[in-house]
Amino acid sequence: MPTTRTRFTDRTDAGHRLAARLAHLRGPGTVVVALPRGGVPVAAEVAAALGAPLDICVIRKLGVPYQPELGMGAIGEDGVRVLNEQVLRPARVTPGQLAAVEARERAELERRARRYRGDRPPVDLRGRTVVVVDDGVATGSTARAACLIVRARGARRVVLAVPVAPEDWTQRLGDVADELVCVGTPSPFFAIGEFYADFAQTGDAEVLRHLGEAAGRSAPGAGPAAGPPAAGPPAADRELTLPAAGVRLTGRLTVPDGARGLVVFAHGSGSGRRSPRNRRVAEELNRAGLATFLFDLLTEDEEPDRRKVFDVALLGARLTDVARALPSDPALGPSAGPPLPLGLFGASTGAAAALWTAARLGDGVASVVSRGGRPDLAGAPVLAAVTAPTLLIVGGRDHEVIELNRRAREHLRCESEIAVVPHAGHLFEEPGTLDRVAELARDWFVEHSGAGP
């Protein structure tokens, strides 16, 4: 059960754990329906595990006018409208205020439905078991509306599945679903986000990516989903555990067929190998023919220790050991051949660790990319010793980190650039900004891989 100490890493982790509770639903008669936007990454993992089609059910919460985060109801496709009288009455919302909120949210609902569906028709739900998935339940208004919608579309059986919910959620929602599945129902319960280490907003680009990938998997004879051309099935895609500075660290190694280089990800504070942001970048690198290794620099027991999160020497030593050990993996080519050019991708404090490793390994590192990183934490002597071409990517709205990156760059003696992504904050949650990060990283690593485009 998730608590403040054993939270979900992110929505992907939550999806993995939720899928394990739904294995009994695997079969050709099952469809997974997600509530955008936060429910989509969770549902994508569930759909993949069940081998089921993935669709969406666009819902908009109706927030109290003077307290928008408090839901007084929800609206959905097909004209579904659900009101929560337990909120409406004490909030004293007038009919005019309710109508104004509903009109605004109805316009946004229609925009999102067009954006997410495009020309793709909804999955036929008639006579099927429909698993409605969100990233959690709070008041239950949106989940209730979603269950009503899929029922109206002909679902034979409705299963509501979420990673986390209040203890009384079955009493609230048992009348609209045939089965309710939840990983944990902690108490006290104040907000869904408190049970996630990473609860960053899910952007439209991520929603479209998951839907496109699912459509590509489920359509008979379909090719890759819309977007950049896929590089084909990976030659290797597996969990790998390596010794590093006295501990053993686990990561995910993905090697495209004919890989031209290897990029090791150094995650920062509050992040990890399942981070949806770093996974998005890694997928772009894989499509460009670059192998990736995403791993955690700290063990689960160490993660709560903030001193270790910012111990750049410790993180750098572990990254260095991993970078030295990886080339011997059989998936990365014949042992007699030259090792693949090594790139390092660092986020937050992981950027300092990447530069620490680049300084230690010298010519053994071909290139470095930092995303929203703290290269300054590596220290001036380390920065001056880096020889690998280094790209520092920062968000245009992340003013403090921009300045820290500029100061750090003054100490670099290698080829270096700062790339500012307009309108992006520290976490690159704004639509399209993370896609730009992935493109910048891809181009930098490919350019400095020595293999050419």
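The values are calculated or read from the model by the stated rules, or taken from the named source; none is laboratory data. All values derive from a computational prediction rather than experimental measurement. Neighbour counts are summed over all protein chains in view; Cβ atoms, including those assigned to glycine, are modelled from backbone coordinates with ideal geometry. Side chains included, ligands, DNA and RNA excluded: accessible areas come from the protein's heavy atoms. Shrake-Rupley method; radii C 1.70, N 1.55, O 1.52, S 1.80 Å.
As an exercise, identify the trypsin sites (Lys or Arg not before Pro) in the stretch 28-126 lying in DSSP coil whose Cβ has no more than 11 other Cβ atoms within 10 Å.
Details: sites: ARG37, ARG60, LYS61, ARG81, ARG92, ARG104, ARG106, ARG111, ARG112, ARG114, ARG115, ARG117, ARG126; in loops: ARG37, ARG92, ARG126.
Within the stretch 28-126, the qualifying trypsin sites (Lys or Arg not before Pro) (loop, at most 11 other Cβ atoms within 10 Å) are ARG92, ARG126.
Close amide H pairs (under 5 Å, H built 1.01 Å from N) link LEU344 with VAL264, SER367, VAL368, VAL369, residues at least 5 positions away or on another chain. The C-alpha atoms of the chain define a longest principal axis, and helix 349-361 lies at about 20 degrees to it.
Considering only the chain, what is the antiparallel percent among its DSSP beta bridges, to the nearest 5? Spell out each step's value before the answer.
Working: 22 of 67 bridges.
Restricted to the chain, the bridges split so that about 35 percent are antiparallel.
Over the residues of the chain, the helix contribution to mean residue ellipticity at 222 nm works out to -10500 deg cm²/dmol, using -39500 (n - 2.57) for each DSSP H run of at least 4. Computed 3J(HN,Hα) for the stretch 202-211, one whole-Hz value per residue from the Karplus formula 6.51 cos²θ - 1.76 cosθ + 1.60 where θ = phi - 60°, is 7, x, 4, 4, 5, 4, 5, 5, 5, 5, glycine and proline marked x. The HN-Hα couplings worked out from phi for the stretch 13-26 by the Karplus form 6.51 cos²θ - 1.76 cosθ + 1.60 (θ = phi - 60°) are 4, 4, x, 4, 6, 5, 4, 5, 7, 10, 4, 5, 9, 5 Hz, whole numbers, x standing for Gly and Pro. On a 0 to 90° scale, report how tilted helix 312-325 is relative to the longest principal axis of the chain, with both axes built from alpha carbons and the result rounded to the nearest 10. Once rounded, the angle reads 80 degrees.
Please give the peptides 145-152, 351-358 ranked by average Cβ packing (other Cβ atoms within 10 Å per residue), highest first, as a rough proxy for protection. Don't skip to the answer; put the middle values down first.
Numbers: 145-152: 23.2, 351-358: 31.2.
Result, highest mean first: 351-358, 145-152.
Taking amide H as placed 1.01 Å from N in the peptide plane, the amide H of VAL386 sits under 5 Å from that of ARG413, each at least 5 places away or on another chain. A Förster radius of 51 Å, combined with the Cβ-Cβ distance separating ASP168 from ARG111, puts the computed FRET efficiency at roughly 0.90.
Rounded to the nearest 10 degrees, the angle from helix 276-287 to the longest Cα principal axis of the chain is 60 degrees. For the set GLU439, GLU400, the ranking by accessible area, highest first and with no ligand, DNA or RNA atoms included, is GLU400, GLU439 under a 1.4 Å probe. Proximity of backbone amide H atoms, modeled 1.01 Å from N, is registered between ILE418 and LEU392 at under 5 Å, excluding neighbours fewer than 5 places apart on the same chain.
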